[in-house]
Each structure stands twice: as C-alpha cells, then as structure tokens.
Amino acid sequence: MLKTLLKKQMAEIFRNYFYDPKKNKMRSRGATIAYIALYALLMVGLLGGIFALMAVGLCGPLVEGGMGWLYYLLMGLIAVFLGTFGSVFSTYSSLYLSKDNDLLLSLPIPVRCVMASRLLGVYLLGLMYAAVVIVPGVIVYWLTAPVTVGTIVGGVLMVLIVSVIVMVLSCLLGWVVARISLKLKNKSFITVLLSLLFLAAYYFVYYKAQALITLLVENAAVYGMKIRGSAYLLYLFGSVGAGDWLAMGIVTVTQAALLALTLWGIARSFLKIATATGSVKKARFEHRAVRAQSVQRAQSVQRALFGKELRRFTASPNYMLNCGLGILMLPVAGIVLLIKGGALGRMLADVFSGNVGVVPVLMCAAVCLLASMNDMAAPAVSLEGKNLWLAQSLPVVPWQALRAKLDVQLVLTGVPVLFCALCMVIVLPGSALEKTLLVIVALLYTLLSALAALALGLKMPNLTWTNEITPIKQSGCVMLSLFANWFYALALGGLYFLCGNALSAAAYLAIFAVVTAAGSALLLHWVKQRGARIFAAL
C-alpha cells in the first residue's frame, strides 16, 4: 500500500511529464522520455555544473588553508536553502492541504500510510534539489583533498544529513504556511507578495554572491574563528564532511532526535490540518425589503462584467504574476526616475552628444517595454474554459463581454503608465511638446497592446486546458503578444537613430502617435465586428 501511495504521490509531483494539459491527454512514451531527459539535463548538467564550478573555486583555497569544514559548511547551507525552497510549497500543498485528503482518509487505508507516503514524497523532492548542490560539492572535495575513510564516510553522511535537514525545515515551514493559509481570506495577494519578495531576494543574492564568496575566501581564517567560537554547531556541521568522527556522531544523533520530534509533531497535527476547512465567517440573517431599482441607480451591465473579469484576475496568483507584473514595475520605475531621473537625463544627453531629443524617445520606449509586461487580455478568452457557455448565455452582446476583458488591461496598465510617464515629464529634459507627445504615445501604445492581445486571444483560444497555467503561460497567443509588443516598443526607440537626423523628436513621436492610433482603430473595429462573431461561435 505504501509503495502504491508513494507512486501516486510522485506521479502528482511530476504530472506534466506524463500528461499534456494542452491536449488533455497522456503524452506519448517518447515525449515523456524526452521531457524527463530535458529536466535531468537542466538539473544535473546546468544547475549541477554551476554549483560544481562554484565548489571548485571554493574548495582549493579553503582546503589549502586547513578549513575544509568551512567549505562543507558553505556548500551544505546552500544545499539546505535550495532544497528547502524547492520542496516547501510542495509540502504545503501535498502533505497538509492536498485536494484528495478527504478521499484518501475515507478509504480503508491507515492514516500512517497516507502520512508516510506524503513524507517520503517531500523527502525525495528535497533530496533531489539539495543533491544538485551537495553531491558536486562532495565529489569536488574528494578530488581536491586527500581521500581517507573518514572523508568518504563523512561525504556520504553529509548528503544524508543535508537531506534530513531539508525535510525537517520543509515540514516545519509547510506547517506554518498551511496554518496561515487556513486563516487567510484572500490568499492570492499573499502568494503574489511572497513570490515578489523571493524574486527580489534572489536577485539581490545573485548579484552579491560573487563578492561575498570572494570576501569570505580572502578572510577565511578570520570568519572561521568567529564561526568556531560563536556558532559551534555550524562548525560541527561542516566538520562532518571533512572526516571528523566526533562531529559525525554528534550531528547524526542530533538530527535523528530532531527528525523524530518533527515526525511526532506531524503525526499529532496531520489529521487536524488535513481535515480543516479554514475559517468560515458566520452570517446572520436579517429580513430586508427588496425594492426594484431604477435604471439610473442600477449597476450597469458593463460595470458588472468588468468586476467579474477583475475578480478573475485578482483571484489567481499565476494570472497576476505572469500577466500583470507591469502594474508594480511601472510605479517603481516612476519613483526611481523622480529620484535619479535628472542624473539619468544628463548621462543620456552626454552619451548622445548633447542630442536632448533622444531622451524623450528612449524613455517613451522604456515605458512601453515595461507596459508590455501586462498582457491580461491575451489569455482572458481561453480562461473561460469549459465555462465559456456562461459568458455566451448572458443577456449581453459579445462585444460587451470582450470589452470587459479589454478594460481590465486598459485600467490596470493605463494608470501605472500615466504615472510613470508623468514622472518622466517632471524630471527629464525636453520641450513641452515632446513631453506631451511622450505621454500620448505611451497611452496609445497601452491601447494598441491591449487590443492586439485580445485579438490574438480570440484567434488562438485554448478552451480544453486542465490547469490555468496552460493558457496563462504556455499558450501561443501570450507568446506572440509579448513578442509583438516588445518589437513595437524596441522599434519605437531604435528607428529614431535611423531618422533622427531628418526628424525632430517631436515630429518622430507625432508620427508614431498617428501610426499607433491608426493601428488601434483598425484592431478595435476588427474586435468589435469579427472578434465578436468569433467569440459567439466558440
């Protein structure tokens, strides 16, 4: 029974390698093998190669300085971090709040078997991510330092200890996330916020990692003494891989006790969390007389459709992160410009030999590039999925339903674009006409990109998906929409260098404004006529 449940658990984790969500059917054997081989190549070849190169750079200097334990400490901590992050969300969704908890617990299957299969799934997933770091680290150490029985046993034990630490941390953090999620009403915004914070932390560490590693290697003796004196447990953890038998015994016993305590805690709380339904707000009935509202006071149909589309957008973290990142990036860019815009304008003017006209053109193109990160309208039709008949059965014309999808992108992109463009107008050099045209072109680009995204969504719909990430991130219309918008924004900035000698910045922006307005008018006519008929016939 445990073997069957574990097989089911791993099949759920790697479901996309065996099942095609676009076609709603199983993949062929060849496609499955190809996907698995590609994944293995990325994990082992790419990520494993990156960490192997980092291990080569660290191992030699630290081993020569007699600080092999510090090398293992660094590689072990990186492996713990990567393994924990890679498996913590799987722990949250599969161990505690899995969708099939009620079904499995209703079957004549011992609870311990269900819990054990989930725990083994978490362990194997964490081991896979952590091994990408720690296994190359162990191999590099064996090739660099003298090989003894202690270093061989310590290296193998280091891999096992790291995997246990990853499992314990994943279970604890997954438990915290599960407990918090049961109390939250709007989980989408929390998910988006945490994802953005992680991305910010990731890029900060990425750009600072090389400098920190260099500083650590250059001052290894100083930092080693501080760690050994004030964080002795970390010293013991690193000494395991270096072949210290005493450290092996102490760390192994400590981790075994911690693992036993964690499993005991999970066993006590598993059923309570797995069967929890979350906080339910109590409703109190109040008798009220209902009166028919006049047409003037009633909510408009268009406003109701817009609210429906907006709620659909804000209810999905995947939708917001993949199709609405510009909502955050545009205001951030505007604020940065208010702080650093003057220096940036002078630098650009100096780079282009005092040609001040190039600044508004390039900045307008930059705003358009940031706006292209928003493409909510592209997957909006496909996201109706099997419920498309509901939108088609409403007492509204197809254009009203399409306009609601269009308005979401226009409102959520237009306001940030206007803010960012006004920040540019305030701080960057240029004439009043050039600044006015900058704002106009940016807003017209917002309209054109939204119409193009909606048109592509109508021409390339996918209504048979089983996971919403398929139309949001893996559909052809989203890809074409992004590339088309990027190309248009890059052309806006690049073509000026070809005709900047013949046209002033104001004339150039005016021409682009006319072209963009004409393209928007044509696309708007197509969506209202042909697009509406396509939507009604889907």
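The values are calculated or read from the model by the stated rules, or taken from the named source; none is laboratory data. Bear in mind the structure is a predicted one, so any value in this text is a computation, not a measurement. As a convention, Cβ positions derive from the backbone with ideal geometry for all residues, glycine included, and neighbour counts pool all protein chains shown. Calculation scope for accessible area: heavy atoms of the full protein, side chains included, ligands and nucleic acids excluded. Shrake-Rupley method; radii C 1.70, N 1.55, O 1.52, S 1.80 Å.
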Heavy atoms of THR148: accessible area, 1.4 Å probe, square angstrom to 10: 70 Å²
Would you kindly derive the ³J(HN,Hα) couplings of the stretch 439-444 from the backbone phi angles with the Karplus curve 6.51 cos²θ - 1.76 cosθ + 1.60 (θ = phi - 60°), listing them in order in whole Hz, with x for Gly and Pro? 5, 5, 5, 4, 6, 5
Grab the beta carbon distance between VAL351 and TRP526, set R0 = 35 Å, and tell me the FRET efficiency rounded to 0.05. 0.30
Listed pairs LYS7/LYS386; LYS25/LYS528; LYS308/LYS473; LYS386/LYS473; LYS272/LYS308 exceeding 23 Å between Cα atoms: LYS7/LYS386; LYS25/LYS528; LYS272/LYS308
Solvent-accessible area per residue for the stretch 110-172 (1.4 angstrom probe, square angstrom): 37 Å²
Rounded to a whole number, what % of the accessible area of the stretch 461-525 do carbon and sulfur atoms account for, probe 1.4 Å? 77 percent
Taking 0.36 nm per residue of sequence separation and subtracting the Cα-Cα distance, how much length would be gained by fully extending the chain between ALA537 and LYS308, in nm to one decimal? 80.3 nm
Could you check how much of the accessible area of the stretch 103-179 is carbon and sulfur, as a whole percent, using a 1.4 Å probe? 82 percent
Heavy atoms only, probe 1.4 angstrom, no DNA, RNA or ligands counted: give me TRP486, TRP389 ranked by accessible area, highest first. TRP389, TRP486
Under 5 Å between amide H atoms, partner at least 5 residues away or on a different chain: which partners does TYR19 have, H built in plane at 1.01 Å? ARG27
Per residue, how large is the accessible surface of the stretch 318-420? Use a 1.4 angstrom probe and give square angstrom. 40 Å²
Between ASN462 and residues 5 or more places away or on another chain, the pairs with built amide H atoms under 5 Å apart involve SER382
Within the stretch 103-135, name every residue whose backbone N is under 15 Å away from a label modeled 7 Å from Cα of ARG15 along the Cβ vector. 103-104
Listed by chain and number, the residues whose amide H is under 5 Å from that of ASN374, excluding neighbours fewer than 5 places away on the same chain and using placed H, are GLY326
Would you mind computing, in nm to one decimal, how far apart the modelled labels at ALA34 and LEU490 are, each placed 7 Å from Cα along Cα→Cβ? 2.7 nm
Restricting to Cα pairs below 8 Å that are 6+ residues apart, what does the relative contact order work out to for the stretch 309-448? Please round to a whole percent. 40 percent
